[in-house]
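The values are calculated or read from the model by the stated rules, or taken from the named source; none is laboratory data. Here the structure is a predicted model, which means the values were calculated and not measured. For neighbour counting, all protein chains shown are included, and Cβ atoms are generated from backbone atoms with ideal geometry for every residue, glycine included. For accessibility, only protein heavy atoms count, side chains too; no ligands or nucleic acids. Shrake-Rupley method; radii C 1.70, N 1.55, O 1.52, S 1.80 Å.
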Amino acid sequence: MSRTTGTHHSPQELWDAWNRLWNGDYAIADDYVSRTMRVNIPEFGMPDPATLGDGPQIAAWIAAFRSGYDEDAAITGELGPFFVGDYAIGRWVFRGTWTGGRPATATADPGTEVTFRGVDILRFEDGRIAEYWLSDDQLDLYAQLGAVAGTGAGTAQSAAALPARLADLGPEAARTVLLERVLELVAELVEDAEVGDAAGTQTFLSLGLGSLGAVALRNSLEEETGLRLSSTLTFDFPTPLALAGRLWSQLDGTTPATGSADPFDALARLEELAPALAGPGREALRAELADRLGSLAKRLAPAPAPAQEQLEEASAAELFAYLDSRLGPAEHTG
């Protein structure tokens, strides 16, 4: 049981305790954090918020983050805090020396000094910290650690290594190699080995790859293929299978890097893929394709004729029927 059960801490005391907690004073977590804590954090590089429901869990998360930095690493306030009712907001800066380990995608040398900033929002309830929102510049941090540049996944791959591996392979075998490599990179980025064995029909988002991970994946594939890839790569090709097919079409020279200007080329390519998509295990992909094609068909459908044109083309009977539906039947008075 907490040493201070029943103590009603002031907002300033709670804010100061939160800073102490992030600077390594884990023992105080249960005294200041609600036992029904709610956490709102970015998806990339973060644990499941459902696992952060009380003081000890919060302390374990912070300890795991700090384990990658030297003992002198510290978070200091840069602006605020500002208190409004049961809420407080403040901007902070973290400075420390990275010692290795987390994140697994980092390629920087241990001893790298990093600095990054963020904003914390706390909500207080019954004298404890009841809810937490975090917005931090993870992209800046991961860039400093080499986790969103180069291979970004810790596997030694020379520039344009994939084309050499694909040189003597047929189209199907080449696509399989590319799919396996995409899944390997995603598995390392989301730190989940099971993703490497996925079928490739799930979306990147469902596999746990957020926006920063998408940047890292694009950078890795650019280095390994020698291609120049779009910044919206995983949005345009939202599954590993679709992305692998796109990479092969560019490497094989069948599709220009910028895509064909003729929409019928894209349609023909989809028709070519139809037999392969009809096999077992592709149900989820077929459903997604059907949904996206349905949305595209609606966008391409001719716009309805303007009201004026409809009126000019309507017959007298259609006009009277329309007026009756809008105004009701006319009442005759004599």
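Annotations for the structure displayed:
- Among the residues making up the range 23-33, those that are crowded, with 16+ Cβ neighbours inside 10 Å and either on the phi > 0 side of the Ramachandran plot or of a type in the set (Phe, Trp, Tyr) (or both) are Tyr26, Tyr32.
- Restricting Ser230, Ser211 to residues that are under 15 Å from the mean Cα position of the chain (by Cα) and surrounded by fewer than 19 Cβ atoms within 10 Å (Cβ to Cβ) narrows the list to Ser211.
- Residue ID - farthest from the chain's Cα centre (by Cα), chosen from residues in the range 32-49 that are of a type in the set (A, V, I, L, M, F, W, C) and within 13 Å of Tyr132 (Cα to Cα): Val33
- Residues of the range 184-194 that are without any contact (Cβ under 8 Å) to a residue 60 or more places away in the chain and surrounded by fewer than 21 Cβ atoms within 10 Å (Cβ to Cβ): Glu184, Ala187, Asp192, Ala193, Glu194.
- All positions within the range 5-22 that are open to solvent by 60 Å² or more (accessible area, probe 1.4 Å), part of a loop (DSSP other than H, G, I, E, B) and touching a helix residue (DSSP H, G or I) at 6+ places or on another chain (Cβ under 9 Å): Thr5, Thr7
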